[in-house]
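Okay, structure first, notes after.
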Amino acid sequence: MHVIVIGGGISGLAAAHRLLEGGARVTVLESSPRLGGKLYAGRIADAAVDLGAESMLARRPEGLDLARAAGLGDALQPPATGTAAVWTRGEVRPMPTGHVMGVPADPAVLAGIVSPDGLARAAEDAELPRTEVGEDVAVGEYVAARLGREVVDRLVEPLLGGVYAGDAYRISMRASVPALFEAARRERSLLDAVRGVQQRAAAGRPEQGGPVFMGIEGGMGRLPGAVADTCRAAGADIRTGAPVSELRRTGSGWTAVAAGRRLEADAVVLAVPAPAAARLLAGLSPAAAAELERIEYASMALVTMAFRRRDLARVPEGRGFLVPATDGRAIKASTFSTNKWRWNAAQDPGLFVLRTSLGRYGEEEVLDRDDADLVELSLGDLRTAIGLTARPVASTVTRWNGGLPQYPVGHLDRVARVRRDLAALPGLAVCGAAYDGVGIPACIASARTAAESVLHSGSRARPAAAPDAARE
Ligand SMILES: Cc1cc2nc3c(=O)[nH]c(=O)nc-3n(C[C@H](O)[C@H](O)[C@H](O)COP(=O)(O)OP(=O)(O)OC[C@H]3O[C@@H](n4cnc5c(N)ncnc54)[C@H](O)[C@@H]3O)c2cc1C
């Protein structure tokens, strides 16, 4: 069985890896000259650095398993410091513990992050009548109804923003914090619901205390290359600079046209962002294409800067801070890469690397500014937040236009409709950040499911010559 995988981001490469395990012959077609998509290894001041995604959730297995399968098991590295912070109400304050995506079990843990009035409002949850969540609800809307807007604006929003670069008042609770959604359906009090989620999580996780996130020595950006090498060693043909412009059904199989060349296959895994998937599916499944076209994306920019330690009056502590959008700052987060990753610090003891992120869904005007402006805006905010006045010895701006798909209320139903429509096209499966989660492990999981579904369609297709199967 020959399978074409369209898209050489982590989803496409993970799909290729699973297809090869299943015995398929695989061709990966990636439009850009580089594999990896949002995983992007770069350099600054001669040091390796991630210019895209930099860590993955370690509380689910898919990312770690793929890294190990690609020979990077020994390179997995947890963050060196767990100390995160929020720049809120005029100060950089320690990130509270004991919350689920910013929603606490006990409002007292938010002291300082929200005002005394905000704390008092959150405590009203215990007395308020039930808030119906229905089939889905926006995280911000529900949490604000229970605990007040301050909790949303000062903690939930920046945390969710860190994942989706989105708007908490639009993001689906069912899609983004499913455990909380299920608990909120059962419990009247949200504080009780969070307590239940925490208890269940603790009970189901005997290894509690292990790292929540994991990085890779040398950068997360190494993962796509390592997976690609493993796939090539298993016989995969991986082509870059091969944008697929057309996808057609041919009898029992498929034809893809990439850079003017035609390729035939028994099956296709489409691992591209939703707008590209919509274009390729327009003639094959107009209904699925129309749904995919409606998936919106947020754009952002990362400003990575390297400082000489001797230029810093005080070396910043912790792994960085989040910034609530409500405060109207230019940056929405800063990560102190040298503090966060041992591998980063080990490269050059005289260097301090940090990055800021700018832009989020609905607030993308800042991205019209040129690179030099984004550096200056970042430095201005860093000066105010942590008193950093030094000039960087190097800076790099990485623009992620259409970087993160948005999961508004109803997203999961949309994805279900896409999959239902595509079921009419045997031997075709979709995967990637637009469907079942934007994080790396979720993308890998969706890739494995897509790969398994086309492998399965192959095993159904093979006995097609037999009279019984032919009648189906
Ligand atoms: C700035 C940023 C930081 C992030 N940080 C983290 C993080 O720390 N941890 C985490 O878990 N997640 C993070 N994410 C999210 C995560 O990195 C992405 O959701 C994930 O990498 C998406 O992988 P993908 O393969 O589905 O899509 P992509 O990475 O977008 O890959 C799709 C590929 O398809 C190619 N393509 C498009 N059209 C065609 C075509 N017609 N023909 C052929 N190829 C095509 C593209 O060039 C691209 O390479 C971050 C995202 C961004 C933008």
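Within the range 310-327, how many residues are within 24 Å of the chain's Cα centre (by Cα) and either on the phi > 0 side of the Ramachandran plot or open to solvent by 10 Å² or more (accessible area, probe 1.4 Å) (or both)?
6
All but one of (1) within 10 Å of the ligand (Cβ to nearest atom); (2) in contact (Cβ under 8 Å) with a residue 24 or more places away in the chain; (3) surrounded by 13 or more Cβ atoms within 10 Å (Cβ to Cβ); (4) not in a loop (DSSP other than H, G, I, E, B) hold for residue 279; state the number of the condition that does not hold.
Condition (2) is where residue 279 drops out.
For the subset of the range 62-80 comprising residues that are away from the ligand (no atom under 14 Å from the Cβ) and part of a helix (DSSP H, G or I), which member is most open to solvent (accessible area, probe 1.4 Å)?
74
Could you please find all residues in the range 41-61 being outside any strand (DSSP E or B), basic (Lys, Arg) and more than 11 Å from the ligand (Cβ to nearest atom)?
If the condition is that a residue be outside any strand (DSSP E or B), basic (Lys, Arg) and more than 11 Å from the ligand (Cβ to nearest atom), then 59 is the only one that fits.
How many residues does the range 289-309 contain that are away from the ligand (no atom under 16 Å from the Cβ) and either open to solvent by less than 10 Å² (accessible area, probe 1.4 Å) or touching an Asp or Glu at 6+ places or on another chain (Cβ under 8 Å) (or both)? Give the steps one after another, and end with the answer.
Within the range 289-309, the first condition is being away from the ligand (no atom under 16 Å from the Cβ), and the residues that meet it are 290-291, 294, 306-309.
Still in the list and also either open to solvent by less than 10 Å² (accessible area, probe 1.4 Å) or touching an Asp or Glu at 6+ places or on another chain (Cβ under 8 Å) (or both): 291, 306-307.
The number of residues fulfilling the criteria is 3.
Applying the selection to the range 310-320, what residues are within 16 Å of the ligand (Cβ to nearest atom) and either more than 19 Å from residue 221 (Cβ to Cβ) or assigned to a loop (DSSP other than H, G, I, E, B) (or both)?
Residues of the range 310-320 that are within 16 Å of the ligand (Cβ to nearest atom), as a first pass: 319-320.
The answer is 319, and nothing else.
What about residue 59, is it within 26 Å of residue 102 (Cα to Cα), open to solvent by 20 Å² or more (accessible area, probe 1.4 Å) and over 21 Å from the mean Cα position of the chain (by Cα)?
Judged against the criteria, residue 59 is not a match.
Residues being near the ligand (Cβ under 10 Å from one of its atoms) and either within 20 Å of residue 449 (Cα to Cα) or assigned to a strand (DSSP E or B) (or both): count how many of those fall in the range 258-273.
5
The rows are residues; the columns are (1) assigned by TED's automatic domain parsing to the domain that holds residue 280; (2) more than 11 Å from the ligand (Cβ to nearest atom); (3) not β-branched (Val, Ile, Thr).
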{"site": "366", "(1), (2), (3)": "no, yes, no"}
{"site": "371", "(1), (2), (3)": "no, yes, yes"}
{"site": "376", "(1), (2), (3)": "no, yes, yes"}
{"site": "394", "(1), (2), (3)": "no, yes, yes"}
{"site": "439", "(1), (2), (3)": "yes, no, yes"}
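Might you check whether a residue that is more than 12 Å from the ligand (Cβ to nearest atom), within 16 Å of residue 450 (Cβ to Cβ) and assigned to a loop (DSSP other than H, G, I, E, B) occurs anywhere in the range 24-40? Working first, answer last.
Just the residues of the range 24-40 that are more than 12 Å from the ligand (Cβ to nearest atom), to begin with: 24-26.
Still in the running and within 16 Å of residue 450 (Cβ to Cβ): 24, 26.
Right, trim to assigned to a loop (DSSP other than H, G, I, E, B) and you get 24.
Yes, there is a match, as at least one residue in the range 24-40 is more than 12 Å from the ligand (Cβ to nearest atom), within 16 Å of residue 450 (Cβ to Cβ) and assigned to a loop (DSSP other than H, G, I, E, B).
Residue under question is residue 335, and the condition is that it be of a type in the set (Ser, Thr, Tyr), open to solvent by 40 Å² or more (accessible area, probe 1.4 Å) and outside the structural domain of residue 265 (by TED's automatic domain parsing); does it hold?
Taking the combined requirement at face value, the residue does not satisfy it.
Scan the range 156-173 and give yes if some residue there is without any contact (Cβ under 8 Å) to a residue 60 or more places away in the chain, within 16 Å of the ligand (Cβ to nearest atom) and within 17 Å of residue 297 (Cα to Cα), otherwise no.
yes
The values are calculated or read from the model by the stated rules, or taken from the named source; none is laboratory data. For clarity, every value in this text was computed on a predicted model and none was experimentally measured. Note that we place each Cβ from the backbone using ideal geometry, even for glycine, and neighbour counts take in every protein chain shown. Only protein heavy atoms, including side chains, enter the accessible area calculation; ligands, DNA and RNA are left aside. Shrake-Rupley method; radii C 1.70, N 1.55, O 1.52, S 1.80 Å.
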